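Peer 1: Sharing a structure here in structure tokens format.
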Amino acid sequence: MRDVAPTYFRLCSSVFILLWCISLSTCGGNGAGNGGNPPPGGNGTVVLFAEDQPSGNALTFRLTVDSIVLTSSAGATVTALASTEKRELEWRSRTLAPTVIKVATIPAATYTSVALTVEAPSTMLFDSASGTISETSIPVQTSTVSLPLNLTVNPGDVAGLRLDLNLRDSVQTDSTGALLFNPHFQAITVSFSTGGIPGYVDGVPAVVTNVNLSNNQFTVTLPGFVSLQPIQGPSLTVQSDSSTRFETISSLADLTPGNTLELDAQLQSSGNFLAQVIKRDTVLPGQKIWGMVIARSPASGSATSFTMLVQDADPVPTAIGFMFSFNIDASTHFRVSTEDLPLASFPNLNFDPQTLRVGQFLYAVDRQDGTGAADSITLDEISMVGQVGPSVGTSNFDFVPDGNFFAANGLGQFSVTVTSATELESMPSGLSNLNANQSIVSVRGVLVFQSGSGVLVAKRVRLLQP
């Protein structure tokens with residue numbers, strides 16, 4: 001188990017909404033500083049990360065970020081994200097797995113406030129009474145919020161901001177049960193120092209645009225959409241080294257422009273991202289969907305079809321909905337993402353039409369042959385928040401996920417297993433920091449079924465409340 005620098009995230013509750021911004025402080029290394037004299041002229045770079053926490057019965061959450069405007073100590077306003085660049089993101093899949101909203105080039109200055117405008121929030125909620133999932137929106141369609149900021153961007157340097165949404169405080173209900181929106185968020189400054197709080201992306205879909213083998217680099221574009229229409233997301237330069245792990249490919253030499261990857265990488269002071277894991281599951285041109293399984297047919301036995309909540313897609317289909325269905329036939333390939341999953345420890349693990357379950361997070365690719373069948377289905381990482389259950393051991397603990405969806409589908413409590421690769425945040429003493437039937441944690445990992453019982457093999461565990 002690895003203990004990493006803590007990130008301070010608040011527990012979310014029953015709906016969603018996001019807004020994020022910045023009340024930040026110093027960046028270590030070559031990055032932004034905190035306070036002091038304003039830097040001389042020139043430009044610097046700010047990488048804006050965003051992360052969400054899952055919230056009760058809210059299964060997806062989309063929000064369009066219209067603009068982000070910074071104000072310097074001299075009173076000058078700088079647009080970090082213009083309205084012409086606005087992006088709609090699905091945040092539920094970004095729990096313990098940040099993404100990048102924008103890599104912004106801005107004038108070197110000390111910035112003292114930031115204003116964000118967002119619009120059109122919507123979510124998919126699980127109704128425990130009816131057992132159904134339905135789309136819900138919040139009446140306020142556009143909202144702007146201004147927050148204090150303490151950020152110095154130096155010429156030629158890179159700064160990173162991790163933006164944390166607090167759903168519990170942002171969304172409330174009135175006496176009639178209607179949703180009310182009053183955004184609350186915090187920003188966590190990225191540090192490039194050893195032991196500092198890093199800026200990273202985790203499990204982010206990315207499309208290769210260029211490969212530079214001589215420098216062990218490649219560039220990617222993150223897919224995105226606005227008003228349910230595809231747009232181009234931010235572009236990142238990614239570096240690999242001897243510690244980079246590859247899944248289904250051996251090296252960067254196997255990459256070509258147009259390939260779709262899943263990427264784990266950490267921001268460096270140079271502005272490049274150092275890749276920890278590079279996954280390329282397919283080179284087929286079909287529709288690729290990432291999301292959680294919410295239904296399968298038949299309900300038991302060997303599945304012949306299933307429905308997913310859409311949490312990422314590439315290419316982003318026109319007028320993409322919240323749900324996407326696939327058929328399964330004899331040619332559909334099943335595999336398990338082996339990142340942080342010690343298969344030798346799970347000799348009875350199967351992932352096939354029989355063991356595909358509601359609640360699992362999948363990456364599926366359409367075969368595009370007119371049958372609606374998936375060419376490949378990969379069991380991938382899911383994130384949840386919930387309470388520690390009655391048992392806490394040295395390498396596992398009982399976990400009760402938030403909300404009613406999992407309980408309604410036979411996952412009201414299951415075991416979380418940690419390995420030597422699991423990152424433990426705000427847990428300096430490991431699992432002994434957890435209190436049975438009390439502690440609140442968020443977890444990210446692969447949900448497998450060992451001889452019929454659900455087990456989440458954790459990639460990351462964050463202690464939210466002791």
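The values are calculated or read from the model by the stated rules, or taken from the named source; none is laboratory data. As the structure is a prediction and not an experimental result, all values here were calculated from the model. Ideal geometry is used to build each Cβ from the backbone, glycine not excepted, and the neighbour counts take in all protein chains shown.
Peer 1: Can you give me the ranges of the strands (runs of 3 or more DSSP E) entirely in region 112-197 with at least 2 residues that are assigned by the TED database to the domain that holds Ala97 and over 21 Å from Leu96 (Cα atoms)?
Peer 2: 132-137, 142-153, 171-173, 179-181
Peer 1: Moving on. Within region 159-169, does at least one residue satisfy the condition of being touching a strand residue (DSSP E or B) at 6+ places or on another chain (Cβ under 7 Å), small (Gly, Ala, Ser) and under 26 Å from Gly42 (Cα atoms)?
Peer 2: Keep residues of region 159-169 that are touching a strand residue (DSSP E or B) at 6+ places or on another chain (Cβ under 7 Å), which gives 159-167.
Restricting the remaining residues to those that are small (Gly, Ala, Ser) gives 159-160.
Filter once more, so that each one left must be under 26 Å from Gly42 (Cα atoms): 159-160.
The answer is yes; a qualifying residue exists.
Peer 1: Sticking with this structure for a sec: Give the residue, chosen from Ser122, Ser72, Ser83, that is modelled with pLDDT under 85 and among the small types (Gly, Ala, Ser).
Peer 2: Numbers: Ser72 fails: modelled with pLDDT under 85; Ser83 fails: modelled with pLDDT under 85.
After ruling out the rest, the residue left standing is Ser122.
Peer 1: If the requirement is being closer than 24 Å to Phe361 by Cβ, over 19 Å from the mean Cα position of the chain (by Cα) and crowded, with 23+ Cβ neighbours inside 10 Å, which of these qualifies: Val171, Val204? Steps first, answer last, please.
Peer 2: On the way: Val204 fails: over 19 Å from the mean Cα position of the chain (by Cα).
Result: Val171 is the single residue among Val171, Val204 that is closer than 24 Å to Phe361 by Cβ, over 19 Å from the mean Cα position of the chain (by Cα) and crowded, with 23+ Cβ neighbours inside 10 Å.
Peer 1: Of (1) within 30 Å of Val78 (Cα to Cα); (2) modelled with pLDDT of 80 or more; (3) surrounded by fewer than 13 Cβ atoms within 10 Å (Cβ to Cβ), Pro139 satisfies all except one. Which?
Peer 2: (2)
Peer 1: Looking at Leu161, Leu149, can you tell me which residue is over 30 Å from Ala408 (Cβ atoms) and crowded, with 23+ Cβ neighbours inside 10 Å? Before you say what the answer is, go through the steps one by one.
Peer 2: Details: Leu149 fails: crowded, with 23+ Cβ neighbours inside 10 Å.
The unique qualifying residue is Leu161.
Peer 1: Please enumerate the residues belonging to region 144-159 that are of a type in the set (A, V, I, L, M, F, W, C) and under 13 Å from Ser72 (Cα atoms).
Peer 2: Kept after step one, since they are of a type in the set (A, V, I, L, M, F, W, C), are these residues of region 144-159: 145, 147, 149, 151, 153, 158-159.
Scanning region 144-159 gives Leu147, Leu149, Leu151, Val153.
Peer 1: Moving on to the next point. How many residues are over 27 Å from Ala458 (Cα atoms), of a type in the set (S, T, N, Q) and modelled with pLDDT under 95 when one looks only at region 303-330?
Peer 2: Total meeting the criteria: 2.
Peer 1: Let me ask something else about it. How many of the residues in region 185-218 are closer than 18 Å to Gly258 by Cα and either acidic (Asp, Glu) or without any contact (Cβ under 8 Å) to a residue 12 or more places away in the chain (or both)?
Peer 2: 1
Peer 1: Right, something else. Which residue out of Leu434, Leu447, Leu362 is under 19 Å from Val310 (Cα atoms), at pLDDT 90 or above and not assigned by the TED database to the domain that holds Asn327?
Peer 2: On the way: Leu434 fails: under 19 Å from Val310 (Cα atoms); Leu362 fails: not assigned by the TED database to the domain that holds Asn327.
Only one candidate passes the filter, namely Leu447.
Peer 1: Moving on to the next point. Given the residues Leu464, Leu447, Leu424, which is the only one that is hydrophobic (A, V, I, L, M, F, W, C) and under 21 Å from Leu356 (Cβ atoms)? Talk me through it step by step, then tell me what you get.
Peer 2: Details: Leu464 fails: under 21 Å from Leu356 (Cβ atoms); Leu424 fails: under 21 Å from Leu356 (Cβ atoms).
Only one candidate passes the filter, namely Leu447.
Peer 1: Also, I was wondering about something else. Considering (1) on the phi < 0 side of the Ramachandran plot; (2) at pLDDT 80 or above, say which one Gly156 fails and leave the rest.
Peer 2: If we test Gly156 against (1) on the phi < 0 side of the Ramachandran plot; (2) at pLDDT 80 or above, just (1) comes out false.
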